[in-house]
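S.K.: Dropping the structure in here first, questions after.
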Amino acid sequence: MTKVTCVGNITADIIALVQAFFGDTKNETLTIPGVFLGGASANIMFSFKTMEKLYGVNENKNNVSKIITDIGEPPREKSYPLYNQYLLATSSYNWVQDLLRRENIDYVDISAGLNGNGVNASTVQNHERGRNISKWKRPPLPIPDFSIAAGFISKLFAKKVNGRNLEGSAGGVSKMLEKEIKGSDLVFLDPSSPMLSYMAACICKDLGIKTITDYGAKKVGTGEKDKYVRKILDMSDIIIVPGDAVVHGMENEKKNPKKLFTILKGRYPYKTTIMSDGSVPVNIFHNGREMDEIELPQVDEEKAINVSGAGDTRDGAFMFYMTRGDDEYTALRKASVVASIRIQYPNNEWTKHFLDHVREDPLFKDDVEFLEAAVKQQDVKDAMKVEENVPA
């Protein structure tokens, strides 16, 4: 049995038509208006489960994968100064719940029935030059509201809420996290949820569970949350960074991939550090030595129509191949191919063409048998559905 866990908050990504903003028709097939799961943990888990379907490895439901998040109860109307803010917050909450169920993604909400972080909405505009993201965050909950204060107090001191042990805020959440994380093969820690991910990192360290963090901050922070982010990096076994990330030691600097990689190698000599930078070969530093760079499959600019979230797709595939027994280097090479295929198709259409892309690739010679079997199995299921719908 394989168990993979992602820790982090979930957002609702609202896809907007780019034509209205940029006059860009290149991605017209890509930018179908709608709402999708967002946030690193959700995107990576979606990618991981998509890979499971492609390989047909979870038909017997033996594998376990879930997200540990902090959503809490739906918002109350009186918590918002404007009704449209309340409406968006409520809708975002419902969208995320429905999308998780639709994608068969299991999750554990540490604040179920209480006031958690809620669900934030992001308006995403994909266009030829990249993407624009406008985030909308739930307004701070008003302290004078007695019901909110009562919920906060219950979160601190209640022995049980909805059947879950929450004896003290930190202690109760820690116990819940340990229960859900225990037995995991891999745990992804989202640094954008620093407190939750830090607690999970501590538990993973005690249990000897391998952790992965994808860190992409563009500026060096000095606040309390940033301290926890640094601790997460210190405790993670695998650190993935884009070339434009900035870490301590690069204060007030702009993109400098060479310095970024040098600092991380020196700071974490016995971890795995992975740095990607667009189409440039991926740099890997593993257990005190640099490994061969991974040459990324070259995709013509005209074919790269769906680049948003490609990194999360790669991360999910990377975790999938590691759980199948591939070493980190091979798993990353395969995951990079997955991401390169994904960006060539709108939405999740790439899954229909994945086998055709990798059938003759020597890297996937041991995978083709599983992929072909999964396709045949799916064809049988589709045929049975058609027969069920044919009138007698």
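The values are calculated or read from the model by the stated rules, or taken from the named source; none is laboratory data. None of the values given here were measured: they were computed from a predicted structure. Here the Cβ positions follow ideal geometry from the backbone for every residue, glycine too, while neighbour counts run over all protein chains shown.
S.K.: Please pick out the residue among K61, K53 that is outside any strand (DSSP E or B), modelled with pLDDT under 90 and not aromatic (F, W, Y). If you could, list the steps in order and put the result at the bottom.
M.R.: Working: K53 fails: modelled with pLDDT under 90.
Just a single option satisfies the conditions, and that option is K61.
S.K.: Given the criteria closer than 23 Å to G8 by Cβ, assigned to a helix (DSSP H, G or I) and at pLDDT below 95, does K225 qualify?
M.R.: Values: closer than 23 Å to G8 by Cβ: yes; assigned to a helix (DSSP H, G or I): yes; at pLDDT below 95: yes.
The answer is yes for K225.
S.K.: Moving on. Spot the failing condition for A331; the list is (1) hydrophobic (A, V, I, L, M, F, W, C); (2) free of Cβ contacts under 8 Å to residues at least 24 places away in the same chain; (3) buried (at least 20 other Cβ atoms within 10 Å of the Cβ), and only one is missed.
M.R.: (3)
S.K.: Scan region 180-211 for residues that are among the small types (G, A, S) and out of contact with any Asp or Glu (no Cβ under 8 Å at 6 or more places or on another chain) and jot them down.
M.R.: Within region 180-211, G183, S184, S192, A200, A201, G208 meet the criteria.
S.K.: Hey, another quick one. Identify all residues within region 70-93 that are touching a Phe, Trp or Tyr at 6+ places or on another chain (Cβ under 9 Å), more than 10 Å from G118 (Cα to Cα) and touching a residue at least 40 places away in the same chain (Cβ under 8 Å); write none if there are none.
M.R.: Answer for region 70-93, where residues must be touching a Phe, Trp or Tyr at 6+ places or on another chain (Cβ under 9 Å), more than 10 Å from G118 (Cα to Cα) and touching a residue at least 40 places away in the same chain (Cβ under 8 Å): R76, K78, S79, Y80, Q85, L88.
S.K.: Just the residues that are free of Cβ contacts under 8 Å to residues at least 40 places away in the same chain and farther than 19 Å from G278 by Cα, please, taken from region 228-246.
M.R.: Scanning region 228-246 gives Y228, V229, R230, K231, D234, M235, D237.
S.K.: If you don't mind, there's one more thing I want to ask. For region 278-287, give me each residue that is among the polar types (S, T, N, Q) and crowded, with 19+ Cβ neighbours inside 10 Å.
M.R.: Taking region 278-287 first, the residues among the polar types (S, T, N, Q) are 279, 283, 287.
Scanning region 278-287 gives a single hit, N283.
S.K.: Does M319 fit the bill of being surrounded by 13 or more Cβ atoms within 10 Å (Cβ to Cβ) and more than 17 Å from the chain's Cα centre (by Cα)?
M.R.: no
S.K.: I'd like to check something: does region 288-302 contain any residue that is within 23 Å of the chain's Cα centre (by Cα), modelled with pLDDT under 95, surrounded by 16 or more Cβ atoms within 10 Å (Cβ to Cβ) and not in a loop (DSSP other than H, G, I, E, B)?
M.R.: Yes, some residue in region 288-302 is within 23 Å of the chain's Cα centre (by Cα), modelled with pLDDT under 95, surrounded by 16 or more Cβ atoms within 10 Å (Cβ to Cβ) and not in a loop (DSSP other than H, G, I, E, B).
S.K.: Let me ask you something else. Can you find a residue that is in a helix (DSSP H, G or I), modelled with pLDDT under 95 and touching a Phe, Trp or Tyr at 6+ places or on another chain (Cβ under 8 Å) anywhere in region 241-252?
M.R.: no
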